[in-house]
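Note sheet for the following structure.
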Amino acid sequence: QVQLVESGGGLVQAGDSLRLSCGASGRVFGMGWFRQAPGKERDIVAALSWSGGTTYYADSVKGRFTISRDNAKNTMYLQMNSLKPEDTGVYYCAAHTGVRISITVSAYNYWGQGTQVTVSS
């Protein structure tokens, strides 16, 4: 059983930056970041393939967020710049056993516990 542990969340002001990290206890393949705002569904923010060569970004974060991974460290990152209040939510790291990129919740086998990101205006 693979365990995922996120870190890096916090309370920031609009326009600030944060970097989230997700460490995996074992080998995983495709990975992604999801966000869940209060009262809303869990939505994809960004995802990448095992190699990191293919990425996906939600329209709302394109140009502001960058997803990356270091397979040697079994770690994935999400660099978040120019944060907006609407970026507020719990951010979940997720991984699956397929090598291709996936953007749906149901495709992911493993989930982290989530890390809170709050952006004040």
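The values are calculated or read from the model by the stated rules, or taken from the named source; none is laboratory data. Given the structure is predicted, the values throughout are model-derived calculations rather than measurements. No Cβ is skipped: glycine too gets one built from the backbone with ideal geometry, and neighbour counts run over all protein chains shown. For accessibility, only protein heavy atoms count, side chains too; no ligands or nucleic acids. Shrake-Rupley method; radii C 1.70, N 1.55, O 1.52, S 1.80 Å.
Of the solvent-accessible surface of the chain, computed with a 1.4 Å probe and all protein chains present, 46% belongs to carbon and sulfur.
Considering only alpha-carbon pairs that sit under 8 angstrom and 6 or more positions apart, the relative contact order computed for the chain is 37 percent.
Computed from the C-alpha gyration tensor, the three semi-axes of the ellipsoid equivalent to the stretch 26-121 are 22, 14, 12 Å, from longest to shortest.
Suppose every K and R has +1 on its Cβ and every D and E has -1 on its Cβ; what is the size of the dipole of the chain about the Cα centre, in Debye to the nearest 20? Don't skip to the end; give the middle numbers.
Working: 11 positive and 8 negative charges, 50 e Å.
For this selection, approximately 240 debye.
Where only protein heavy atoms count, and the probe is 1.4 Å, what is the accessible area per residue for the stretch 15-80 in Å²? Walk me through the numbers before you get to the answer.
On the way: 3200 Å² over 66 residues.
Roughly 49 Å² per residue, with all protein chains present.
Computed on the stretch 1-57, with alpha-carbon pairs under 8 angstrom and 6+ residues apart, the relative contact order is 25 percent.
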